[in-house]
Ligand SMILES: Nc1ncnc2c1ncn2[C@@H]1O[C@H](COP(=O)(O)OP(=O)(O)OP(=O)(O)O)[C@@H](O)[C@H]1O
Ligand SMILES: [Mg+2]
């Protein structure tokens, strides 16, 4: 079911946290709400599920205006960051609770619980209490409980934040699989860009209560609308380099890069160069000294202090004979240079 | 129980200070069933006549012990029930609902709890008189419950504060009404507090002395504490053996309750009282 927010505004007392936000999530789509801490992700989520009243604007599920429908009557499943399982109930009772509230017959509830337990693969843990389950298993129970009513929309508030790195990887794939299998419309709140990029069809990147860009992960990575977006996406992060645009791009005191095609401006700008677009594989052109090497297993990160000022990061396959203090002369992939104005707007 | 050497001095000090208490309790028990020679510490032969109050009236002017025990039980249990019921709802409201003047209310609770009851007694007396509740069990039940409430509300609020907010929100999302969420999802989390509060206010009612003494002096509303007081004040027959036996009888339920419910009572410290 399609979900549509129109001119959504939320204020807590005198503080307006979100102003006139528009957002449409297509039917069966998984959308990420990504942004730094305090930008209003959870606030948006809670407005959609009805915990917070909206100060202004409207919310539609499909064609139905649900702006003033109480939370109980909105068909929304929520997975909270700390799972919020009911500690005194077994996993089975937890998952079945929404149906119990709807006064479904016992046999029907048991059948549905079994179906969802199979979907999230916890069929053999149903008689345990939350305290007897691992973090990943609790997560699955929470997911099953959120989905048992067959809600129109599934909301996930940082569902992976409390899991260790390996489990996070596993649950990432798992949540995506379940979302695809059921074809449910879902919104994932996260401040982890890797999570957003790997799990979602589209990303809404938020900052200070506004959506600064809404795009597919690939396009947002390759074609960011601003310096903020470029800096937020990508791991290892992009390097920014102040430059002067003239005949060529002057970098620091002494070095130059050719002007990328299509760049019109003159004067002070900021270049964004991703690590994979700088290195020996891109030819030569920039001189500098290696000041930092960080092995990461398959790859290593290398920071280069450019002669005349500026630092660029490169990512190289492990085994490249680069040592701390080496002098290098590496090139930049010209077509992939991103240019921003000094205010951070994409040029 | 694993005695490291360093613990022994502490045990010794504690032992020295608690010996008098232990001796007192010991003689309380012994003297209630023995007839020592006057002035002697060595117990004489077994003598159950001190316990005669159980099967006969001590003197004709007094109610039977069973009437008094029933009064005490009724007083203590009704008070405990009232306090727990009201604290359970009031604590929830204070912990979760955003009402105007909430901080002042909380501050007021603490002050009320610390307030010495005895200074209010005249005012309460006049109020009860006016209401026609003077010298009735109902009157002292209401007064006792009112005086216990601040403590109860504060304790329950502390327990509610430890229940994660998300649990309630999850319940609401699952379609349950606010009342059902409270009853079915939140209450089970604060059960330990409920049990502890019930027991503590029962015990407090059981041992209450001043309120019944002043506000319900008649013999038909006598409770065990005032009954004992009357027995000892009766200077014609100052019978210490009898007094001790009644004292034993009076404290047995308290001891039994403590033994059975130790764990629940400890919860009140474990559950925490956060501001
Ligand atoms: N109940 C409230 N009263 C007042 N201000 C609030 C309230 N809830 C949130 N805020 C403010 O709204 C802003 C957005 O909060 P929100 O919880 O949506 O952030 P978030 O994007 O989810 O951040 P995080 O990643 O840290 O969870 C914050 O500045 C926060 O201080
Ligand atoms: Mg949040």
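Throughout, read-outs are computed from the coordinates displayed, never taken from laboratory work. Predicted model only: the values in this text are computed from it and were never measured. Note that each Cβ is placed from the backbone with ideal geometry, even for glycine, and that neighbours are counted across all protein chains shown.
Observations on the model:
- Number of partner chain Cβ atoms within 10 Å, mean per residue of B:162-171: 6
- Of B:201, B:95, B:18, the one that fluctuates the most in a GNM where chain B has Cα springs shorter than 10 Å: B:18
- Reduced Cα scattering model of the stretch B:109-187, Debye log10 I(q)/I(0), q = 0.14, 0.16, 0.17, 0.26 Å⁻¹: -0.66, -0.73, -0.76, -1.16
- DSSP bridge pairs, chain A: antiparallel proportion in percent, nearest 5: 75
- Building the convex hull from the alpha-carbon atoms of the protein assembly as shown and averaging its projection over directions returns 44.7 nm².
- Among beta bridges that DSSP assigns inside the protein assembly as shown, antiparallel share in %, nearest 5: 75
- Extension gain for residue A:254 to residue A:108 (0.36 nm times residue separation, less C-alpha to C-alpha distance): 45.0 nm.
- FRET efficiency estimate (nearest 0.05) - Cβ-Cβ, residue B:113 to residue A:11, R0 45 angstrom: 0.75
- Chain B, relative contact order [Cα under 8 Å, separation at least 6], %: 28
- Residues considered: A:183, A:77, A:40. Largest GNM mean-square fluctuation over chain A, using C-alpha springs under 10 Å, is found at A:183.
- Taking the number of Cβ atoms within 10 Å of each Cβ as an exposure proxy, the fewest-first ranking of A:65, B:59, A:201 is B:59, A:65, A:201.
- Computed E for residue A:326/residue A:177 - FRET, C-beta separation, R0 45 angstrom, nearest 0.05: 0.50
- Value of [θ]222 nm, deg cm²/dmol, for chain A, DSSP H segments ≥ 4, -39500 (n - 2.57) each, nearest 500: -7000 deg cm²/dmol
- Averaged over the residues of B:177-187, the number of partner chain Cβ atoms lying within 10 Å of the residue Cβ comes to 2.
- Relative contact order of the stretch A:217-298, defined on C-alpha pairs under 8 angstrom at six or more residues apart (%): 26
- Max mean-square fluctuation residue, GNM over chain A, Cα-Cα springs under 10 Å, options A:157, A:303, A:320: A:320
- Look at B:142, A:160 and count the other Cβ atoms within 10 Å of each Cβ; fewest to most, that gives B:142, A:160.
- Inter-site label distance for residue A:150 and residue A:311 at 7 Å from Cα along Cβ, in nm: 5.6
- Short to long, the 5 Å bins of the Cα pair-distance histogram for the stretch A:239-340 hold 3, 13, 25, 27, 17, 9, 5, 2, 0 percent of all pairs.
- Estimated FRET transfer efficiency when R0 is 51 angstrom, pair residue A:235-residue B:106 (beta carbons, to 0.05): 0.65
- Rounded to the nearest 10 degrees, the angle from helix B:224-233 to the longest Cα principal axis of chain B is 30 degrees.
- Taking the fewest neighbouring Cβ atoms within 10 Å as the starting point, the ordered list for A:100, A:106 is A:106, A:100.
- Cα convex hull of chain B, projected area averaged across orientations, nm²: 21.1
- In degrees, nearest ten, helix A:106-119 long axis to first principal axis of chain A (Cα): 20
- Computed label-point distance, nm, for sites residue B:89 and residue B:46 using a 7 Å Cα→Cβ extension: 5.4
- Scoring B:145-158, B:114-127, B:218-231 by mean Cβ neighbours within 10 Å over their residues and listing the highest first yields B:145-158, B:218-231, B:114-127.
- Angle between chain B longest axis and helix B:121-131 axis [Cα atoms, degrees, rounded to 10]: 80
- Per residue of peptide A:69-75, the mean number of Cβ atoms on other chains within 10 Å of the residue Cβ is 3.
- Note on residue B:69 and residue A:244: their simple-model spin labels are 10.3 nm apart, each label 7 Å out from Cα toward Cβ.
- Hull volume per residue, based on the alpha-carbon atoms of the stretch B:146-275 and their convex hull, is 138 Å³.
- When the Cα atoms of chain A are aligned to their principal axes, the ranges along those axes come out at 78, 46, 32 Å in descending order.
- Here, P(r) means the percent of Cα pairs in each 10 Å bin from 0 to the largest distance; for the stretch A:136-219 it is 15, 51, 29, 4.
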